[in-house]
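Notes for the one structure printed next.
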Amino acid sequence: MELLNVRLLLLAACLLHTCHSHLCLISPHQRGDMDITLSGSHTCFRHGAPCGGMTAETPRGQPFIAGQQMFIKWQQNFNHYEVGYPGFMDISIAPLGSENFTTLTFVPDKYVFAQDHQQNYTAVIRIPDTPCDHCVIRARYQSHKPGETIFYQCADVKVIKLPVPIKKAYLSVPMDPNFRTLRMASQLQMNYPMNEYTDAPFYLQGLAYNEFEPERLDFVNISVELGFVQPLNQFNIGVDLTRTRERFATQPLEFIMDGITALNPAESEMLTMYHKGGAMDDVASDVMVLYTNNGKLELTTSLHGFDGVPISALEYVKPRTYVSFGIQEDNTKAGTFHFVMGQIIYVPGTGLVYKQIYRSLDTENLFVNFQWASMDPTSGQLFVLMGNENAPDTLDARIYVYNFFNQSFVKMVPVEKSAFTFMSIHVGRLSPQEPLLYTVAPQGSYSEKRPTWSLIQIDPMSGKVTELFQIAPPGLFERYYGGSIFNGFDKTNGVLYHVLRVADSVADVIVGADVKTKTASFSKLTNLRHIHNLSLSPK
């Protein structure tokens, strides 16, 4: 009966459009109606190949020109990025009635840290050099998210051949020189005095890419005081996977997993999951290991014994021992999922060996939106923050507590609903008592685009949420949930590091929130928009 009630509630939520979402084709205009004024539009919620159940229409609008470049525009009406198993969107064309679609453009899903997110995409594509009285433009979104299936939209078009070539059109992108809050943000160091821990022996590290060279990345150091970015080493591997049709068809997809990193301070190592080629539907099963002291590549290796369950999180336990968390669909009940805890250890002569050590007996079909995991090596407790897939505008979340040492489940704790929303949790053990969790969070409703930011404490045993102090007043920083830093809590000094985005600019600041003194320090203005898997490392 309880499972039935959950399903009825889920159905009611969908009927109210809280889970209607996902993908709309703007130009050419999709079949049927379209409303993209708000995220969650039912007109963007269509399933079933090839066209989401929509019947063909007479081609309308200007015809496409065979062999020429044209614009395609669509909207991702919701973002369902799955950490550890990212999806993709693609646009294809085929004659009406044919299943032989030709890919025109391919875009990987991007981690924007909030499901209730609308983003328009515009691509310049080349139409096949074959006239067609009635062709179909198909848009797909495969998110790989637990509980979600592929979203489809189609538009009916005509492709004609012109006797003379068309002159090329050159595009210009307008620049927005609006930097109204930069001066206010740069004054934070004066308004909020730097505390004694600002010069702590730490720096941030991450994997940076140049958007003009998307198939290369740099391992970088970033000063927590100055925001200065120092490249240490470069690798021929991608972060941004956008490719032309020709390159997508002929080259393997090699890229790091955005949002998965573990730090081993004992051996000065950083681990991240790595997709070593093949199709986007393949699960990443390789690990890249970097030395944090010089950025050198130690090794890339397959996980021996890997069971194919996508890994959403890696956490350090002790030298050469890590814990992983994943979500596995039940093979007898479609749409329901088990939570999986794994162990990864280094075996001399073999490499990194994976072993599944816990799989939940019960299944879940609602709280399947993985957000963050944090490990307390002292107690062996792994804390996992899971969100309600159908509550993108509120913090309807749970903390699942596991014991790695006992290879067991401890408890599930509903997070207290409060004025704060957050995407990460960081273990802070400042006393012999049970560990507490901390995060930097915005306050107020989602309509407040530049909210107040505060340091928040969460009791993982009760779910109680407590504001410790205000970090920054409203009006300065965007409501952005991607500023969390792996291993971001300096347990020695009790300082949590976080990146905030300055509104109306491309600037960021690194904030250090001190749990003990309830004060904040701020770096100089910097830009960390193209740096992934930010982690806090000792110098």
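Scanning the range 93-106 for residues that are in a strand (DSSP E or B) and surrounded by fewer than 20 Cβ atoms within 10 Å (Cβ to Cβ) returns 94, 95, 102, 103.
Scan the range 497-508 and tell me whether some residue there is surrounded by 23 or more Cβ atoms within 10 Å (Cβ to Cβ) and more than 25 Å from the chain's Cα centre (by Cα). Checking the range 497-508: not a single residue is surrounded by 23 or more Cβ atoms within 10 Å (Cβ to Cβ) and more than 25 Å from the chain's Cα centre (by Cα). The condition of being under 16 Å from residue 454 (Cβ atoms), of a type outside the set (D, E, K, R) and modelled with pLDDT under 95 holds for residue 481. For the range 235-281, filtering for residues that are at pLDDT below 80 and either surrounded by 20 or more Cβ atoms within 10 Å (Cβ to Cβ) or not in a loop (DSSP other than H, G, I, E, B) (or both) leaves 11. Based on what the data block shows, is residue 404 assigned by TED's automatic domain parsing to the domain that holds residue 326, in contact (Cβ under 8 Å) with a residue 40 or more places away in the chain, of a type outside the set (Lys, Arg) and touching a Pro at 6+ places or on another chain (Cβ under 8 Å)? No: the conditions fail for residue 404.
Quick check: is even one residue across the range 185-201 at pLDDT 60 or above and closer than 22 Å to residue 486 by Cα? Yes, that holds for at least one residue.
For the range 365-384, give me the residue count where each residue is in contact with a Lys or Arg (Cβ under 9 Å, 6 or more places away or on another chain), of a type outside the set (S, T, N, Q) and farther than 14 Å from residue 148 by Cβ. Residues flagged as in contact with a Lys or Arg (Cβ under 9 Å, 6 or more places away or on another chain), of a type outside the set (S, T, N, Q) and farther than 14 Å from residue 148 by Cβ within the range 365-384 amount to 4.
Apart from one condition, residue 287 fits all of (1) within 22 Å of the chain's Cα centre (by Cα); (2) surrounded by fewer than 20 Cβ atoms within 10 Å (Cβ to Cβ); the exception is (2). On the given criteria, is residue 390 more than 25 Å from residue 461 (Cβ to Cβ) and touching a Cys at 6+ places or on another chain (Cβ under 8 Å)? Answer is yes for this residue. In the set (1) buried (at least 18 other Cβ atoms within 10 Å of the Cβ); (2) assigned to a strand (DSSP E or B), residue 423 fails one condition alone, (2). Looking at (1) buried (at least 17 other Cβ atoms within 10 Å of the Cβ); (2) without any contact (Cβ under 8 Å) to a residue 12 or more places away in the chain; (3) small (Gly, Ala, Ser), which one does residue 454 not meet, given that it meets all the others? Only one criterion is unmet by residue 454, namely (2). Being of a type in the set (S, T, N, Q), buried (at least 23 other Cβ atoms within 10 Å of the Cβ) and either in the same structural domain as residue 421 (by TED's automatic domain parsing) or touching a Cys at 6+ places or on another chain (Cβ under 9 Å) (or both) holds for only one residue in 374, 379, and it is 374. Inclusion of residue 462 among residues that are closer than 26 Å to residue 445 by Cα, more than 21 Å from the chain's Cα centre (by Cα) and at pLDDT below 90 is not warranted.
Taken together, 136, 83, 124 contain a single residue that is over 22 Å from residue 367 (Cα atoms), crowded, with 18+ Cβ neighbours inside 10 Å, not assigned by TED's automatic domain parsing to the domain that holds residue 529 and not charged (D, E, K, R), which is 136.
The values are calculated or read from the model by the stated rules, or taken from the named source; none is laboratory data. Predicted model, so just to flag it, every value in this text is computed and none were measured. Every residue, glycine among them, receives a Cβ derived from its backbone with ideal geometry; neighbour counts consider all protein chains shown.
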